[in-house]
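Working notes for the structure below.
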Amino acid sequence: MSDQFNQAVFDAVAETFENMTFLEVAPGQKDQWDAQGAEVICVSLLINNPFPGEFKLRVPVPLAQQMAEILYAMPAEESSQTMLHDITAEVLNTVAGRVMTEVLPEDQTYQLGLPEIDPLENIVSDEISAEWFLQVDENLIALYYLGEIPA
Amino acid sequence: MKRIVIADDSETARMFIRRCLEIVGLQDTEFVEAENGKVALAHLKEADTDLLVTDLNMPVMDGEVLLKWVKANPRLTVIPVLIITSAANEAKIQELKRLGAYEVLNKPISPAKLVQALAPLRNN
């Protein structure tokens, strides 16, 4: 994986969480993710042009509830599942766009799909081109990229 | 500004944009929300609107098609169209401005970005 792509993903996640919810992002570890065991919300987003690719984001429910509490100024227990899905989808949508803007040449347009809720499934490991485990406040999130990695 | 239409398929994004607009001093504005471009276009035809804020990537009618509809309609063409999207780099921004977009901002937005973008409109 190129250093530029790796850095672009970290910067996009950090900027998105900090801007939307004031939550700080730090690098995390895969074994922490495996040990976390919380219920997660899964969303995916296709890259349609200029090359095929897909981002998949896994966010623990407690973190999505914390974001709902901040964004909607409401008690976490009052947030609906639809709201938690929408927040997670909007995070991924924003992250994917920031990454593509960063890694592609300025004169290269691109096209993203719409974020979709994924069924909770294990991603086949040999399909994963890159993965990131990031600490957001007290929770860990996982972000996977499937497909061609931009040079 | 008395009336602003916000088009985005994400309720979270619409709420976040509305909150940022309120923070920059538009708390007395009427905000009308739409989950896609087609609904936004209908809202624009209902009453005089001072600003359209739209995402690009939406189901049914996307933001680029909405922009073309607005700029092709003699009654709506004067409405400034501010595009707030996750999917715009310099090439896309120039393309959208050629189509008549007032300004294009990348998500995540912030009150500071909006203040700067809206300054010329508010000064007028």
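The values are calculated or read from the model by the stated rules, or taken from the named source; none is laboratory data. What you see is a predicted model; the values in this text were computed from it and never measured. Note: ideal-geometry Cβ built from the backbone for every residue, glycine included; neighbour counts use all protein chains shown.
Miscellaneous remarks
- All positions within region A:53-100 that are of a type in the set (Lys, Arg) and closer than 19 Å to A:Asp137 by Cα: A:Arg58
- Residue under evaluation A:Ile123, criteria (1) assigned to a loop (DSSP other than H, G, I, E, B); (2) within 11 Å of another protein chain (Cβ to nearest Cβ), criterion not met: (2)
- For region B:70-94, a tally of residues being outside any loop (DSSP other than H, G, I, E, B), at pLDDT 95 or above and surrounded by fewer than 17 Cβ atoms within 10 Å (Cβ to Cβ) returns 2.
- Candidate set: region A:45-58, residues that are part of a strand (DSSP E or B) and of a type in the set (A, V, I, L, M, F, W, C); chosen: the one farthest from the other protein chains (Cβ to nearest Cβ): A:Leu57
- Taken residue by residue, region A:115-122 has at least one member that is under 19 Å from B:Ala87 (Cα atoms) and over 11 Å from the mean Cα position of the chain (by Cα).
- Selection count where residues are among the hydroxyl-bearing types (Ser, Thr, Tyr) and either part of a strand (DSSP E or B) or more than 27 Å from B:Lys113 (Cβ to Cβ) (or both), scope region A:3-44: 1
- Identity of the residue in region B:95-124, small (Gly, Ala, Ser) and either assigned to a loop (DSSP other than H, G, I, E, B) or under 17 Å from B:Val5 (Cβ atoms) (or both), that ends up nearest to the other protein chains (Cβ to nearest Cβ): B:Ser110
- Every residue from region A:108-120 that is within 7 Å of chain B (Cβ to nearest Cβ) and among the β-branched types (Val, Ile, Thr): A:Thr109
- Taken residue by residue, region A:130-142 has no member that is within 14 Å of chain B (Cβ to nearest Cβ) and in a strand (DSSP E or B).
- Any hit, region A:17-35, residues being of a type in the set (Ser, Thr, Tyr), touching a residue at least 12 places away in the same chain (Cβ under 8 Å) and either touching a Ser or Thr at 6+ places or on another chain (Cβ under 8 Å) or away from chain B (no Cβ under 14 Å) (or both): no
- Evaluation of A:Asn48 against (1) modelled with pLDDT under 90; (2) touching a strand residue (DSSP E or B) at 6+ places or on another chain (Cβ under 6 Å); (3) farther than 24 Å from A:Tyr72 by Cβ; (4) not acidic (Asp, Glu) (one fails), failing number: (1)
- For region A:75-107, the tally of residues that are facing another protein chain (nearest Cβ under 7 Å) and part of a loop (DSSP other than H, G, I, E, B) stands at 3.
- Taking the criterion of being within 14 Å of chain A (Cβ to nearest Cβ), surrounded by 16 or more Cβ atoms within 10 Å (Cβ to Cβ) and either more than 22 Å from B:Thr77 (Cβ to Cβ) or within 11 Å of the chain's Cα centre (by Cα) (or both), the residues of region B:20-60 that qualify are B:Cys20, B:Glu33, B:Glu35, B:Gly37, B:Asp55, B:Leu56, B:Asn57.
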